[in-house]
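The values are calculated or read from the model by the stated rules, or taken from the named source; none is laboratory data. Quick caveat, the model's predicted, so the values are computed rather than measured. So basically every Cβ, Gly included, is an ideal-geometry build from the backbone, and we count neighbours across all protein chains shown.
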Amino acid sequence: MQSIDSHRPLILVVDDAPDSIEPIVACLHQADFRTRIATRGERALRLAAATPLPDLILLDVTMPDMDGYEVCRQLMNNPVTAGIPVIFLTIRNEELDEQLGFDAGAIDYITKPISPPLVLTRIRNHLNLKAASDFLRDRNSYLEQEVRRRTRELSLIQDATIVAMASLAETRDNETGNHIRRTQIYLRTLARHLQSHPRFSAELTDENIDLMYKSAPLHDIGKVAIPDRILLKPGELTPAEFEIMKTHTTLGREAISRAEALFGGISSFLRFAKEIAYSHQEKWDGTGYPLGLSGERIPVAARLMAVADMYDSLITRRIYKTAHSHAQAIDILRAGRGTDFDPDIIDAFLALQDDFQAIAQRFAGAEIDEEREAERMRQVFGQ
């Protein structure tokens, strides 16, 4: 329990002359201040850093071994004592002497012999200023902590939203879950490799890569609205059925936009989700869908997903096709360089093909046990 005495301000008095110390200490005690006394600079530095810290320091300028200016400079250079106000006490009253004191870090200057009412008024004024400063500092610290807490909370809500929405796609196809995980990691692998590339460096910041990675599971969210007779059809789709299948890009963007509205408008964390869902089927030469965008008009996140999605689709067995080998998938993607896919992204993919194969093997299979699901959550939340 904190004693009542501890609430009384503590003043450190530093002076080598007893006849100067006595009237100052007497004055302070009458005003109900606690005191510490030092007659040398080295001891003053030790007492200033001792717990509890002084609330204020009265410091004589002229002392043997170490003068007050040097003591003040060392106090200001020590993070423990830098916030303690220092008032110089001196018989000097030249403007140059005062400037030296202020340059050393003092906040005030009182000449000797002291006037007790003046000293007490100056001390109380500076203690009030310090209390106000401490209050503002503590308030700012609290606000900064609160912002960090709420930011973390919002990030968790955003991540949970993505997981919940992506889980809808998993209910439609037992293979989709692993596809979601693999493409998510493929995209991040490509993005990190291209981060220093002059064409991509502005977009592929660490923050944006993290958002793309977290948004990637939503690339096929629109497929939840595609009828099973089309989504799970064993054979080739008819032209009419393919037109319906193509709407999954628009349906995905609309679903994400509705979720975005819950966050009060445009959200950077869902910006990439919309770009990926809407444009990952666009082609570099403009022959893709839904808008027939070409080249740089296709968002970077969607171009990355196009490569990741195609590679995984090729090596994965589906109800309507057999799986290609890794080597066959490499050949197909290489053939699409500059037509279906951004040439630089394909070059990055070819440089990373062994990493892609390792990711595919690590997350192969449709069964999800507890250990693999825990790993998935760590991947999703970046832990």
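Just a few scattered comments:
- Residue check, residue 15 touching a Leu at 6+ places or on another chain (Cβ under 9 Å) and not aliphatic (A, V, I, L, M): yes
- Residue count for the range 33-75 satisfying the condition of being of a type in the set (A, V, I, L, M, F, W, C) and free of Cβ contacts under 8 Å to residues at least 24 places away in the same chain: 1.
- Any pair with Cβ under 6 angstrom, 6 or more apart, that starts in the range 229-258 at a residue that is assigned by TED's automatic domain parsing to the domain that holds residue 275 and ends at one that is modelled with pLDDT under 85 and part of a helix (DSSP H, G or I): 256/270
- Strands (runs of 3 or more DSSP E) enclosed by the range 1-91 - at least 1 residues per element that are in contact with a Phe, Trp or Tyr (Cβ under 6 Å, 6 or more places away or on another chain): 10-14, 56-60, 86-90
- Restricting the range 360-374 to residues that are outside any loop (DSSP other than H, G, I, E, B) and surrounded by 14 or more Cβ atoms within 10 Å (Cβ to Cβ), the residue that is modelled with the highest pLDDT is 360.
- Condition check for residue 92: at pLDDT below 80 and surrounded by 13 or more Cβ atoms within 10 Å (Cβ to Cβ): yes
- Counting the residues of the range 272-306 that are among the acidic types (Asp, Glu) and surrounded by fewer than 17 Cβ atoms within 10 Å (Cβ to Cβ) gives 2.
- Residue 150 being of a type in the set (D, E, K, R), more than 16 Å from residue 15 (Cα to Cα) and touching a helix residue (DSSP H, G or I) at 6+ places or on another chain (Cβ under 8 Å): no
- Pairs where the first residue, in the range 196-221, is assigned by TED's automatic domain parsing to the domain that holds residue 255 and closer than 14 Å to residue 180 by Cβ and the second is charged (D, E, K, R) and at pLDDT 90 or above, C-beta under 6 Å, 6+ apart: 213/188
- Elements of type helices (runs of 4 or more DSSP H) contained in the range 176-270, each with 3 or more residues being charged (D, E, K, R): 176-194, 206-215, 239-246, 248-261
- Scanning the range 273-290 for residues that are among the hydrophobic types (A, V, I, L, M, F, W, C) and part of a loop (DSSP other than H, G, I, E, B) returns a single hit, 284.
- Any hit, the range 186-197, residues being within 20 Å of residue 156 (Cα to Cα), surrounded by fewer than 22 Cβ atoms within 10 Å (Cβ to Cβ), at pLDDT 95 or above and in contact with a helix residue (DSSP H, G or I) (Cβ under 7 Å, 6 or more places away or on another chain): yes
- For residue 318, the conditions (1) out of contact with any helix residue (DSSP H, G or I) (no Cβ under 8 Å at 6 or more places or on another chain); (2) at pLDDT 90 or above; (3) within 18 Å of residue 219 (Cβ to Cβ) all hold with the exception of (2).
- Here residue 99 passes the criteria (1) polar (S, T, N, Q); (2) more than 39 Å from the chain's Cα centre (by Cα); (3) modelled with pLDDT of 90 or more except the one numbered (3).
Let's see how each residue does on (1) in contact with a Lys or Arg (Cβ under 7 Å, 6 or more places away or on another chain); (2) under 18 Å from residue 18 (Cα atoms):
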residue: 41; (1), (2): no, yes
residue: 67; (1), (2): no, yes
residue: 84; (1), (2): no, no
residue: 104; (1), (2): yes, no
residue: 107; (1), (2): no, no
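- Selection count where residues are among the small types (Gly, Ala, Ser) and surrounded by 17 or more Cβ atoms within 10 Å (Cβ to Cβ), scope the range 226-240: 0
A quick yes/no check of all residues on (1) part of a helix (DSSP H, G or I); (2) free of Cβ contacts under 8 Å to residues at least 24 places away in the same chain:
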residue: 292; (1), (2): no, yes
residue: 296; (1), (2): yes, yes
residue: 306; (1), (2): yes, no
residue: 310; (1), (2): yes, no
residue: 331; (1), (2): yes, yes
residue: 334; (1), (2): yes, yes
residue: 346; (1), (2): yes, no
residue: 355; (1), (2): yes, no
residue: 358; (1), (2): yes, yes
